[in-house]
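Structure, as structure tokens:
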Amino acid sequence: MLLLAQISEGIAFDPFFRGFLSVLVGVIVLIGGTYLLIATNTGTRSGFLIAMAALMGWNLLMGAVWVIYEIGWQGEAQSWELVEINRGDLGVAETEEVDGLFGVDLSVGASSDDPDIAQQQALAFSENDVDLQGWQYLTSSNSERGEATSSADAFLVAEEIFGSTAEYVPAQFGAFTFGGKPIAEADDGLITKAWIKTRNVIQFWSPQQLVAVQVQGIEEQATEPGQAPPVATADPEKPIVTVIMERDRGGPIPWLVGGARFTPLMFTLFSGLVFGLLCWQLHIRDKREAEILAGATA
């Protein structure tokens with residue numbers, strides 16, 4: 001009893017074993033209890049087939065929900081992979097698509113000191129007053145820009161372009177995207193949003209998507225004694241650094257299904273295959289029993 005108490009105390013403080021035992025007890029009680037209940041009425045073999053078919057059917061439905069909503073047992077997450085880092089002259093960039101940003105004067109796109117108004121002006125300028133040749137401007141409120149900027153920060157420090165993220169600030173426009181599936185804008189009409197969603201569903205493959213994040217080194221400013229450090233501002237004499245990244249959707253077939261959905265998709269297909277085989281086996285047993293009963297009553 002003392003040994004059992006010591007083991008119980010040790011397990012109680014280990015989250016892994018507590019979780020493992022909780023799942024094990026749940027499986028034994030729920031699945032095992034269901035099997036025992038069915039087996040008492042249909043026999044051990046038929047009860048096992050029925051219980052396993054029910055379990056695989058449930059896994060099939062649950063896996064389908066995981067795939068649709070990208071929840072549950074997820075696989076490899078999407079990420080941004082570094083293509084190249086360009087300093088100053090986009091004309092010498094190895095990525096051909098970046099030619100759409102080369103030579104375009106973006107400095108007149110935003111003039112307001114209010115960040116929100118400046119973003120609206122920059123977006124209107126990029127859509128109406130300049131041809132970016134397929135590139136789209138990403139506002140600072142765009143979630144895709146936030147994720148790409150975080151990846152760009154990591155690449156800039158890892159490649160030793162800057163010593164830390166405190167040595168630069170986003171350029172005036174900051175980020176652009178190219179390719180990928182279209183995304184509905186906030187000011188798009190209901191019909192436009194519905195059409196974009198419908199087209200994205202019909203287009204089951206995912207085209208290549210690039211993002212260009214632009215930053216610029218800051219001016220060196222002295223901090224006055226007893227005063228807060230000055231706000232970091234871009235140094236116009238320093239070149240604009242453009243981090244070009246490509247979207248990696250993960251998984252072995254990223255153009256068809258992303259890595260996050262690949263694992264639950266395989267789980268769903270496996271569960272569906274086993275469910276179909278078990279149902280077919282039950283069908284064969286039912287036909288055999290029907291033949292036996294027919295022969296006995298003849």
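Only the coordinates and a few stated rules stand behind these numbers; no lab work does. Keep in mind that this is a model prediction, so the values were computed, not measured. Heads up, the Cβs are rebuilt from the backbone with ideal geometry, glycines too, and the neighbour counts pull from every protein chain shown.
In summary, the lysines within cross-link reach of LYS197, defined as a Cα separation below 28 angstrom excluding same-chain residues under 8 places away, comprise LYS181. GNM, the chain, Cα, under 10 Å: largest mean-square fluctuation among SER150, SER271, SER206? Result for the chain, Cα springs under 10 Å: SER150 fluctuates most.
Among residues other than ARG249 with Cβ under 14 Å from its Cβ, the summed charge is -4 (Lys and Arg +1, Asp and Glu -1). Let me make sure I get this right: for segment 227-275, a, b and c are the square roots of the gyration tensor eigenvalues over alpha carbons, sorted descending. Under 1.5 in a/c it's rounded, otherwise prolate if a/b > b/c, else oblate. Which is it? Judged from the Cα gyration tensor, segment 227-275 comes out oblate (a/c at least 1.5, b/c at or above a/b). Magnitude of the charge dipole for the chain, about its Cα centre and with charges confined to Cβ atoms of Lys, Arg (+1) and Asp, Glu (-1), is about 2800 debye. Label separation (VAL157 vs THR44): 6.2 nm, computed from points 7 Å beyond Cα along the C-beta direction. Compute the Cα gyration tensor for segment 207-298, then decide on rounded, prolate or oblate, letting a ≥ b ≥ c be the square roots of its eigenvalues: rounded whenever a/c is under 1.5, prolate when a/b is larger than b/c in the other cases, and oblate in all that remain. Prolate, because a/c is 1.5 or more and a/b exceeds b/c. In the chain, a dipole from Cβ-located charges (positive for Lys and Arg, negative for Asp and Glu) runs towards its positive end, and of ASN142, LEU21, ILE244 it is LEU21 whose Cα lies farthest in that direction.
Put a plus charge on the Cβ of each Lys and Arg, a minus charge on the Cβ of each Asp and Glu, and nothing anywhere else: the dipole of segment 162-202 about its Cα centre is then about 300 debye.
Going by a ≥ b ≥ c, the root eigenvalues of the Cα gyration tensor, does segment 127-194 fall in the rounded group (a/c under 1.5), the prolate group (a/b larger than b/c) or the oblate group? Prolate. Along Cα→Cβ, 7 Å out, is where each label goes; now give me the distance between the ones at ASP129 and GLU167 in nm to one decimal. Using points 7 Å along Cα→Cβ, the separation is 3.4 nm. Look at [x] 173; [y] 124; [z] 254: the one that is volume of the Cα convex hull per residue in Å³ derived from this structure is [z]. In order along segment 51-66, the Karplus-derived 3J(HN,Hα) couplings, from 6.51 cos²θ - 1.76 cosθ + 1.60 at θ = phi - 60°, round to 5, 5, 5, 5, 5, 5, x, 5, 4, 4, 5, 5, x, 4, 5, 4 Hz, and Gly and Pro are given as x. If you take the Cα centroid of segment 178-251 and the Cα centroid of segment 281-295, the two points sit 64 Å apart.
Taking chymotrypsin sites (Phe, Trp or Tyr not before Pro) across segment 130-208, the ones in a DSSP loop with at most 10 further Cβ atoms lying within 10 angstrom of their Cβ are PHE204, TRP205. Computed 3J(HN,Hα) for segment 210-224, one whole-Hz value per residue from the Karplus formula 6.51 cos²θ - 1.76 cosθ + 1.60 where θ = phi - 60°, is 10, 9, 10, 9, 10, 10, 8, x, 8, 6, 7, 10, 6, 9, 5, glycine and proline marked x. Each residue of segment 139-150 was assigned a 3J(HN,Hα) from its phi angle through the Karplus expression (A = 6.51, B = -1.76, C = 1.60, θ = phi - 60°), giving 6, 5, 7, 6, 5, 5, 5, x, 5, 5, 5, 4 Hz with x at Gly and Pro.
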